[in-house]
Amino acid sequence: MSDPATPPGPSAQQNIDTSVPHSARIWNYWLGGKDNYPVDEQAGDAYTAVFPGIVTIARSSRAFLRRNITYLVTEAKIRQFLDIGTGLPTADNTHEVAQRLAPETRIVYVDNDPMVLAHARALLYSTPEGATAYVDSDVRDPERVLAAAADTLDFSRPTALILSNILGHIPDYEQARGIVTRLMAELPSGSYLSINDGSRGIDPVFERAQDAYNESGAAPYILRSVDEITAFFDGLELVEPGVVPVTQWRPDPDGPAPEPIGEHGGLARKP
């Protein structure tokens with residue numbers, strides 16, 4: 001990655017449209033980040049006025065990812081991560097969690113948003129022992145993603161593929177499944193797939209708020225049933241407790257009993 005003191009390139013900055021809200025910046029706002037604009041705050045506040053629980057979903061999603069990575073590094077001994085649709089950098093990014101536990105870990109982030117690109121170049125940097133890279137590409141083009149990631153990752157070694165809140169941006173379900181299948185086909189036995197996405201069947205208020213957002217003209221994000229999310233893991237070995245609300249995936253045993261929310265996730269091993 002670029003040196004952390006290197007400012008974002010002007011071409012990336014010029015492509016950032018600050019006149020309309022953007023999902024990555026709204027998500028950053030809900031996570032308590034600073035990389036957003038008033039238009040994003042307004043959109044985020046409008047959403048939370050209808051469904052305040054979206055902030056809990058955003059932060060629970062990040063906590064789920066942190067627990068996933070901890071398991072992958074400490075128990076599964078994974079040292080390579082391909083994180084697609086990473087979004088704007090916040091606290092406890094994939095490389096930060098992984099390299100705190102194993103400094104030699106190598107991480108490739110993939111996104112195609114110019115603001116994410118600008119901030120990634122400035123903020124996502126590696127330990128000396130490991131590597132962190134950023135690929136400017138779209139999950140809908142898995143061949144390009146894999147080719148670019150291979151400059152940093154060795155796909156003959158087990159790798160964790162992370163798809164966090166990205167598949168909902170692909171309205172066609174079969175296309176989304178095909179992308180997951182193609183990406184996992186490149187990874188060897190012993191690799192892992194981590195997915196979490198917004199789900200239907202838990203909170204009707206959340207579903208109404210998301211449907212209204214999708215009808216607003218913003219880029220839609222599709223909530224899917226638990227069965228649809230689970231089917232992304234077909235052919236893989238799910239790690240206990242399987243596909244569950246993200247709050248209930250290996251929660252802190254000393255904490256309060258977690259409530260289910262409209263965000264399901266799981267982790268599975270490729271046999």
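Any read-out appearing in this document is the output of simple, stated calculations on the displayed coordinates, not a laboratory observation. Everything numeric in this text was worked out from a predicted model, so none of it was measured. Quick reminder, even Gly has a Cβ in these numbers, built from the backbone with ideal geometry, and neighbours come from all protein chains shown.
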Q: Specify whether the C-alpha gyration tensor of the chain places it in the rounded, prolate or oblate class, a ≥ b ≥ c being the square roots of the eigenvalues: rounded for a/c under 1.5, otherwise prolate if a/b is larger than b/c and oblate if not.
A: rounded
Q: Evaluate the relative contact order of the chain (contact order divided by residue number), counting alpha-carbon pairs under 8 angstrom at least 6 apart; express in whole percent.
A: 18
Q) Who wins for biggest fluctuation among Ala219, Ala120, Ala209 in a Gaussian network model of the chain, springs between alpha carbons below 10 Å? A) Ala219
Q. Stretched out fully, how many nm does the piece from Ala231 to Thr181 gain, at 0.36 nm a residue minus the Cα gap?
A. 16.9 nm
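How big is the dipole moment of the chain about its Cα centre under a simple scheme where the beta carbon of each Lys and Arg is +1, that of each Asp and Glu is -1, and everything else is neutral? Debye, nearest 20, please.
So the dipole magnitude of the chain works out to roughly 500 debye.
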